[in-house]
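Right, one structure below, let's go through it.
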Amino acid sequence: MIFNIEPKGKALNIFDRLYLFFFIILPFIYTDKLVDPVLIPRQFFLTVFVFIVGSIIFLNARAKRMIIDFTFLKLMINVSFIVLLITIGVSFFLSIVIQESIYLLSKVAIEFIFFMITTFLLIQKKLNLNSLIQSVVIFASISLFLALFQVMKLALSKNDFFENVVYVGATFGIKNLLASILFLCIPFLLHSFNYGKVLKIFSITVGLLSLFLIWLLQTKAVIIAMIVLAFILLIYLLKEKTINKVGFKIVLVSGIIIFFMISAVTLQNRQKFSHIFDKKSSIERLFIWDNSIEMVKENFVFGVGAGNWQIHVPKYGLDKCPTYEIREGMRTLQRPHNDFLWMLCEMGVLGFLSYVSIFILGLYYLIQLLIKHKDHEYSWLHLCFFATTIGYMIIGFVDFPLERIEHQIILFVILSITSAHYYHKFNQFKTPILLQNSTFGLVFFAPVLLSIFVTIKRAAGEFHSQKIYIYEHNANWQKLIKEADNAMSSFYVMDPMSAPIEWYKGVALFSQGNIEVAKISFEKAYSIHPYNIHVLNNLASCYESLKDHDKAIKFYLKALYISSEFEEARLNLSAVYFNMKQFEKSFEVIDQCNTNSKDSKYKLFLSAILSAFLELKLNQQTDLILKNKGLAIVSDKEKIVQIYFESKAKNIKFDIYFLNSLNSF
């Protein structure tokens, strides 16, 4: 047996206590003072935790109470991690926004250090396996009860329960992330069945409530992952000879009955569980994947740079997106909802292969342990880990657990335990890696310092970005400019919605009438995000205000090339041609707008352009009676707009329809 179960009553050592404290506090790390309430705070918390644990290891090594034996780094899974980190570093040279690449490097590096020290402590038996598993169980139970508290509040409110339950996210942001984190904790709950009656009852309760909540949240990817996990465990149980057959049959039959009952309830209440059957999100993902594949085709070898997918994705067009808000630029895309495709886009083929190989090697280690390890307790644990890793990959294929700190922590705990077990069972390395204190300090503390510095700077940026949104809504331009200056730093130039901070500043300056300075801000924003349609539109508007029509047209056309339905840019372009007295072109542009446009400028621009366009056409008429009759009507702008809408409804060219209708006046 690799790790002995701790005897009852044995005191926890300092590392056991630290990990327990870490997992208890983790679900509570949340602040609404930042744009993303959990991402940066949890990275900072992880960094502080890693710093404390690493410092204790360092001090113990200096006092010769611990040997820093990192021979396990020879395992290929660690090589894959290191190659991935190197690939992220190299991608800096390809990044448009290097600040995003630095942030991603700091995040992945600190996660890898967490993986390293956890694996090291497990191998050295300084961290007890059962204590670690129980810490994760406590994390799962806290996360679950925070979510159930939200569910209860919703049930007691007057709001439609099933319509709003999908907004339950506890402290994980959204339902998908909550459901996937509960799923990742399942193997720890299953293994806890071995720890005595009280913990067994507690784990079963948490597990069943987690399954119920996952079903209630209607997260398709997690439900599929759960079915796959159940299927893998069922196959194992069918083959396992040591299991009590009567008890197994009862569990099996009960499970089948519950599954069919849940399926029947779901199907009979399709309206209430509409999110399970809704295809809209799937269609949107397919569009995003199409654009991502185009990105891969152009950047297959090296990628577009770490953290830069969000910059490049609009380049491949937004017209085919089924979501109106995205086509209009009201909503931006930050991630492809496919971690593997994300890696391929940003880090190229080498980064993708190194990332995928982490999972392949983890699964390989687990298969080897299942084949060689005869102890039933650990075979069950390894099988649960195997099924959960497969499930994680399914979720990662349609969602973004890679972005989230807590998801990576649980995943790396699984990989750390797997690596430690595999190392103990198959260690054939003859030459040890014994790090000197100075070497360990450099390797360990450099990523810690980078992560602390980056998270502090980005937290400050998000804090000021929150204020920017408030001042923009209230049109308090002077305070917005001040907050924008405070938000920007060497590590933060773009908010989590992929909008450059300089763009917000430019909007404020433009609104104050300071066009020249606004142009400078918009040009800086354009250098950061050259495919953001609002940046392109506002930069074009600056050029138009400065009478540089040619540059204005150039940038409006760029915005419309990305999204032909971006009405603000289309209306502005029609105004440019109008100002240049190119009335025919002006009409051709505005004629492509949706007649149901809610833009306040639409009818105002339309009436002026229609009048000018008709005057142009009438002046070309040789029939003086028709010409004079038409010119008399042109001044009635309401009538002209009405005739235009009639022509659109009948799908007849406006000028032809107008001339034909003159006979009826």
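The values are calculated or read from the model by the stated rules, or taken from the named source; none is laboratory data. Note that the structure is predicted; figures quoted are calculated from it, not measured. All Cβ positions, glycine included, derive from the backbone under ideal geometry; neighbour counts span all protein chains shown. Just the protein is used for accessible areas: all its heavy atoms, side chains included, with ligands, DNA and RNA removed. Shrake-Rupley method; radii C 1.70, N 1.55, O 1.52, S 1.80 Å.
Structure notes:
- Consider the stretch 73-82 and keep the residues that are crowded, with 17+ Cβ neighbours inside 10 Å and hydrophobic (A, V, I, L, M, F, W, C). The one that is nearest to Y422 (Cα to Cα) is L75.
- Each residue in the stretch 180-193 was checked for being modelled with pLDDT of 95 or more and either of a type in the set (S, T, Y) or over 18 Å from L366 (Cβ atoms) (or both), and 3 pass.
- Verdict on S661 being over 27 Å from H312 (Cα atoms), surrounded by fewer than 15 Cβ atoms within 10 Å (Cβ to Cβ) and either under 41 Å from the mean Cα position of the chain (by Cα) or small (G, A, S) (or both): no
- Hits in the stretch 614-654 (condition: surrounded by 11 or more Cβ atoms within 10 Å (Cβ to Cβ), outside any helix (DSSP H, G or I) and among the polar types (S, T, N, Q)): Q621
- When we screen L104, L122 for residues that are touching a Gly at 6+ places or on another chain (Cβ under 9 Å) and either assigned to a helix (DSSP H, G or I) or touching a residue at least 60 places away in the same chain (Cβ under 8 Å) (or both), the only hit is L104.
- Identity of the residue in the stretch 162-200, among the β-branched types (V, I, T) and over 21 Å from the mean Cα position of the chain (by Cα), that ends up least open to solvent (accessible area, probe 1.4 Å): I186
- In the stretch 324-376, the residues that are under 20 Å from the mean Cα position of the chain (by Cα), modelled with pLDDT of 90 or more, open to solvent by less than 30 Å² (accessible area, probe 1.4 Å) and more than 22 Å from A221 (Cβ to Cβ): M347, G348, G351
- Residues (hydrophobic (A, V, I, L, M, F, W, C) and surrounded by fewer than 22 Cβ atoms within 10 Å (Cβ to Cβ)) located in the stretch 415-443: F426, F429, I433, L434, L435, F440, L442, V443
- Residue in the stretch 443-459 that is of a type in the set (S, T, N, Q) and under 22 Å from the mean Cα position of the chain (by Cα) present: yes
- A Cβ distance below 6 Å, combined with a sequence gap of six or more or placement on separate chains, defines the contacts here; from the stretch 1-25, residues that are basic (K, R) reach no residue that is buried (at least 18 other Cβ atoms within 10 Å of the Cβ) and modelled with pLDDT of 90 or more.
- Any chance F112 is in contact with a strand residue (DSSP E or B) (Cβ under 8 Å, 6 or more places away or on another chain), open to solvent by less than 20 Å² (accessible area, probe 1.4 Å) and aromatic (F, W, Y): no
- The stretch 380-403: number of residues that are of a type outside the set (F, W, Y) and open to solvent by 10 Å² or more (accessible area, probe 1.4 Å): 7
- The residues of the stretch 53-69 that are crowded, with 17+ Cβ neighbours inside 10 Å and more than 16 Å from D16 (Cβ to Cβ), listed by number, are G54, F58, A61, I68.
- T47 being surrounded by 18 or more Cβ atoms within 10 Å (Cβ to Cβ), touching a residue at least 40 places away in the same chain (Cβ under 8 Å) and closer than 27 Å to A170 by Cα: yes
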